[in-house]
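*Asks:* Okay, handing you the structure first.
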């Protein structure tokens, strides 16, 4: 048996010869791609092609399944393809057909590169607006809405021939700790947890190909996190009748790596596939997978992971979704004839799963063609004196941060790129726009809205 079917691994860097050496040793059949493996879409497509040829010609194996975290919004790995502004944006629109279109576009973009498994969508309920781990990754807090939109997104993604992953079962939305850094503990009772499961039940009934188990410990169910819990596996398989592939969140996250040995993780996990982003951890993990009693049903599920059929890429892109999500909640439009300072604040409360600093150079270039008298500043270096100010930021509500010093005696707008909770931290005389995304296109449209241009 090829034990590579039961592991999903990251690969070391972007040097193809080093990657080949690693793959020769491990022979994994699932490879998760991270930002450190490529710089752009073209490089990524080339890397995938080279690995596929290496598997067929040198290793005499089938092509591996490539996976990625391309959720949209603040969690993307490929920035130069058309991607979703955010799940929260879809929740704001709240139309099933648009969520399906977002999934279809995402899947078509990924399949064109050679990626057939996307670790999306997040089906966690946003049960606390101060949860820095979930925020705009969620469709919202209402279980029925999240179920409807999640199901539609999954349908679109899998119609494009890319396996979807409903995550993080049985729900990560009620804990504010980040499992990259520590083990979150959910102390709710079983009935409350069942409410969080509703979107996953909907996804299962709609044929989702895979479900990712969280590293949260649910104290009313078990004394180990979901990714290692037999009881939660029984709920998933026996009670909810899930017949697709189960996969852990990455085991190099501190929730597991600080509390369990790799041997314990390998032996205790009931998931079909164990994910390890760190290549060195994957090598050690494989040693224990080889001596583990493998469930034959896991292999049958795994080989049916990728959808057999797919439909053509739609002509429509994501721009219309970005446009629909730009909402002005208050304020009078700014004047194009008055000099304006645009201030980019640092991302407050960024989590490890999020994309790095966004490059807004193209946004600035496009703006200067439409609005002549603008000055661009980082928040840390702001020393402007214009009579109009636009501040772009997110998550002020988490740190209870206020903007009085930037907006004093000036015509101003605050553009929120996160969930719509910063409004109470912005002075009442300051206009307020939400675009629910750090995507450059969304920010560009929000700035145009501040001037009344859209």
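*Asks:* Would you mind stating whether residue 233 is surrounded by 14 or more Cβ atoms within 10 Å (Cβ to Cβ) and either in the same structural domain as residue 160 (by TED's automatic domain parsing) or within 15 Å of residue 166 (Cβ to Cβ) (or both)?
*Replies:* On the way: surrounded by 14 or more Cβ atoms within 10 Å (Cβ to Cβ): yes; either in the same structural domain as residue 160 (by TED's automatic domain parsing) or within 15 Å of residue 166 (Cβ to Cβ) (or both): yes.
So residue 233 fits the description; yes.
Residue-by-condition table, conditions (1) touching a strand residue (DSSP E or B) at 6+ places or on another chain (Cβ under 7 Å); (2) surrounded by 19 or more Cβ atoms within 10 Å (Cβ to Cβ); (3) within 20 Å of residue 27 (Cα to Cα):
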position: 258; (1), (2), (3): no, no, no
position: 276; (1), (2), (3): yes, yes, yes
position: 304; (1), (2), (3): no, no, yes
position: 307; (1), (2), (3): yes, yes, no
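*Asks:* So which residues in the stretch 309-338 are surrounded by fewer than 14 Cβ atoms within 10 Å (Cβ to Cβ) and closer than 30 Å to residue 272 by Cβ, if there are any at all?
*Replies:* Within the stretch 309-338, 309, 311 qualify.
*Asks:* Within the stretch 288-300, is even one residue over 24 Å from the mean Cα position of the chain (by Cα), assigned by TED's automatic domain parsing to the domain that holds residue 94, modelled with pLDDT of 95 or more and closer than 30 Å to residue 177 by Cα?
*Replies:* Within the stretch 288-300, one or more residues are over 24 Å from the mean Cα position of the chain (by Cα), assigned by TED's automatic domain parsing to the domain that holds residue 94, modelled with pLDDT of 95 or more and closer than 30 Å to residue 177 by Cα.
*Asks:* Among what's in the stretch 1-12 and is surrounded by fewer than 19 Cβ atoms within 10 Å (Cβ to Cβ) and touching a helix residue (DSSP H, G or I) at 6+ places or on another chain (Cβ under 6 Å), pick the residue that is nearest to residue 46 (Cα to Cα).
*Replies:* So in the stretch 1-12, the residues surrounded by fewer than 19 Cβ atoms within 10 Å (Cβ to Cβ) come out as 1-3, 12.
Cutting the leftovers down to touching a helix residue (DSSP H, G or I) at 6+ places or on another chain (Cβ under 6 Å) gives us 3, 12.
Numbers: 3: 26, 12: 16 Å.
Here the residue is 12.
*Asks:* Could I ask something else about it? So is residue 61 part of a loop (DSSP other than H, G, I, E, B) and in the same structural domain as residue 28 (by TED's automatic domain parsing) or not? Break it down stepwise before answering.
*Replies:* Values: part of a loop (DSSP other than H, G, I, E, B): yes; in the same structural domain as residue 28 (by TED's automatic domain parsing): yes.
Yes: the conditions hold for residue 61.
*Asks:* OK, next. Take the stretch 217-256 and flag every residue that is in a helix (DSSP H, G or I) and either touching a residue at least 12 places away in the same chain (Cβ under 8 Å) or at positive phi (or both).
*Replies:* Taking the stretch 217-256 and keeping what is in a helix (DSSP H, G or I), we get 226-228, 230-239, 254-256.
Across the stretch 217-256, the qualifying residues are 226, 227, 228, 230, 232, 233, 235, 236, 254, 255, 256.
*Asks:* Tell me, yes or no, whether the stretch 307-327 has at least one residue that is over 30 Å from residue 418 (Cβ atoms) and modelled with pLDDT of 95 or more.
*Replies:* yes
*Asks:* Collect the residues in the stretch 14-27 that are outside any helix (DSSP H, G or I) and more than 16 Å from residue 49 (Cα to Cα), keeping them in residue-number order.
*Replies:* 27
*Asks:* Answer yes or no: is there a residue in the stretch 318-339 that is more than 22 Å from the chain's Cα centre (by Cα), without any contact (Cβ under 8 Å) to a residue 60 or more places away in the chain, under 30 Å from residue 429 (Cβ atoms) and not assigned by TED's automatic domain parsing to the domain that holds residue 7. Reasoning before the result, please.
*Replies:* Narrowing the stretch 318-339 to residues more than 22 Å from the chain's Cα centre (by Cα): 327-339.
From the residues that got through so far, the ones that are without any contact (Cβ under 8 Å) to a residue 60 or more places away in the chain too are 337, 339.
The next check asks that each one be under 30 Å from residue 429 (Cβ atoms); those that pass are 337, 339.
Narrowing the set further to residues that are not assigned by TED's automatic domain parsing to the domain that holds residue 7 leaves 337, 339.
Yes, the stretch 318-339 contains at least one residue that is more than 22 Å from the chain's Cα centre (by Cα), without any contact (Cβ under 8 Å) to a residue 60 or more places away in the chain, under 30 Å from residue 429 (Cβ atoms) and not assigned by TED's automatic domain parsing to the domain that holds residue 7.
The values are calculated or read from the model by the stated rules, or taken from the named source; none is laboratory data. This one's a predicted model, so the numbers in the text were calculated from it and none came from an experiment. Glycine also receives a Cβ, built like all others from the backbone with ideal geometry; neighbour counts cover every protein chain displayed.
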